[in-house]
Amino acid sequence: MVTHETYRRQSGEWIEPKDIELYNEGRTRRARLISTGEPLMVGDVEKMSKSKKNTVAPEEIFEAYGVDAARLFVLSDSPPERDTQWSNAGVEGAWRFVNRVWAEVESQPPEPYGVTGDDGAGDEAAAQAVRRGSHRLVKAMTEAIEGFRFNSGIARLYEFLNLMKEHKAQGAGPALLAARAEALSAFARLIAPFTPHLAEECWARLGKTGLVVEAPWPNFDSALTEDLVVILPVQVNGKRRGEIQAPAGPNRPMWKKWCLTIPRSQGAWRD
């Protein structure tokens with residue numbers, strides 16, 4: 001259920017959101033009528049209703065932000081069983097995400113990839129980071145959709161986009177560009193249930209044939225989804241004082257030498 005604040009005149013007449021202006025007076029949030037400056041009462045957040053005039057016309061949203069941004073915001077705000085509170089800030093954030101995705105796809109050069117930048121160990125390490133991030137994203141999105149945790153899955157899309165921005169195409173070598181191409185191909189398929197129009201445009205821009213909606217769902221390699229290191233907390237007298245990193249894996253004897261504790265009685269470090 002989509003909800004929105006309600007606004008009323010002192011006489012009790014309901015006012016539509018498009019006719020009001022919100023502002024802060026000290027620490028208090030106020031509303032006033034745009035046409036006259038008349039102060040209004042800010043009411044509770046309630047289910048959108050024509051009688052209380054707290055609806056937002058879909059046509060206005062679509063014209064300003066596009067259908068994909070509106071759909072993405074509703075799905076990303078809350079789990080399906082909870083209400084979604086509509087806000088312009090929320091849909092603007094979804095709109096920015098749509099534009100960031102398109103900018104990332106447009107920055108990817110077409111194949112074949114020649115020597116355009118760092119072709120050494122740095123390029124290979126960056127390619128591996130992108131590849132691991134992509135496989136983790138596919139795993140997370142698959143589980144989120146199967147569990148109807150759409151908002152959780154979309155949050156992972158935002159995180160992965162930050163990783164792609166960190167390992168950008170400009171100046172990248174062929175290894176990183178190939179990893180990015182693989183990741184963007186999977187990304188286009190992952191966003192298709194949420195932003196279908198954007199997904200189709202990205203799919204075509206990447207040089208893929210057919211429709212992305214008909215493409216198979218991407219698979220993931222479990223080995224690439226595992227953490228390379230684990231974070232181990234350091235406690236002093238039962239209180240967390242720091243943390244250290246240790247290689248991941250089942251070799252617990254190796255882990256033990258990383259685990260540092262403080263004896264309650266002596267107060268000295270020991271293995």
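Examine the stretch 194-201 for a residue that is free of Cβ contacts under 8 Å to residues at least 24 places away in the same chain, in a helix (DSSP H, G or I) and either over 15 Å from the mean Cα position of the chain (by Cα) or farther than 15 Å from residue 97 by Cα (or both), and state whether such a residue exists. Yes, the stretch 194-201 has at least one match. Residues of the stretch 229-250 that are modelled with pLDDT under 75 and surrounded by 11 or more Cβ atoms within 10 Å (Cβ to Cβ): 229, 230, 232, 244, 245, 246, 247, 248, 249. Is it fair to say residue 188 is over 27 Å from residue 77 (Cα atoms) and either in a helix (DSSP H, G or I) or within 17 Å of the chain's Cα centre (by Cα) (or both)? No; evaluated as a whole, the condition is false for this residue. Taking only the stretch 212-227 into account, find how many residues are over 16 Å from residue 105 (Cβ atoms) and either free of Cβ contacts under 8 Å to residues at least 40 places away in the same chain or assigned to a helix (DSSP H, G or I) (or both). Matching residues across the stretch 212-227 total 9.
Taking first residues from the stretch 122-134 that are without any contact (Cβ under 8 Å) to a residue 40 or more places away in the chain and partners that are of a type outside the set (Ser, Thr, Tyr) and surrounded by fewer than 20 Cβ atoms within 10 Å (Cβ to Cβ), no Cβ contact under 6 Å between residues at least 6 apart in sequence or on separate chains turns up.
Answer yes or no as to whether residue 179 is aliphatic (A, V, I, L, M) and without any contact (Cβ under 8 Å) to a residue 24 or more places away in the chain. The answer is no for residue 179. Tell me yes or no: at least one residue of the stretch 196-206 is charged (D, E, K, R), touching an Asp or Glu at 6+ places or on another chain (Cβ under 7 Å) and surrounded by fewer than 16 Cβ atoms within 10 Å (Cβ to Cβ). Yes, the stretch 196-206 has at least one match. Within the stretch 175-185, is there a residue that is outside any strand (DSSP E or B), farther than 17 Å from residue 128 by Cα and not aliphatic (A, V, I, L, M)? No; the residues of the stretch 175-185 include none that is outside any strand (DSSP E or B), farther than 17 Å from residue 128 by Cα and not aliphatic (A, V, I, L, M). Restrict the check to the stretch 152-171 and report whether at least one residue is within 20 Å of residue 125 (Cα to Cα) and in contact with a strand residue (DSSP E or B) (Cβ under 9 Å, 6 or more places away or on another chain). So far as the stretch 152-171 goes, yes, one or more of its residues are within 20 Å of residue 125 (Cα to Cα) and in contact with a strand residue (DSSP E or B) (Cβ under 9 Å, 6 or more places away or on another chain).
Checked against (1) surrounded by fewer than 14 Cβ atoms within 10 Å (Cβ to Cβ); (2) touching a strand residue (DSSP E or B) at 6+ places or on another chain (Cβ under 7 Å), residue 210 meets all criteria but (2). When the test is whether a residue is of a type outside the set (Asp, Glu), within 24 Å of the chain's Cα centre (by Cα) and modelled with pLDDT under 95, residue 183 does not pass it.
The values are calculated or read from the model by the stated rules, or taken from the named source; none is laboratory data. Quantities reported herein were computed from a predicted structural model and do not represent experimental measurements. Positions of Cβ are backbone-derived with ideal geometry, glycine not excepted, and every protein chain shown enters the neighbour counts.
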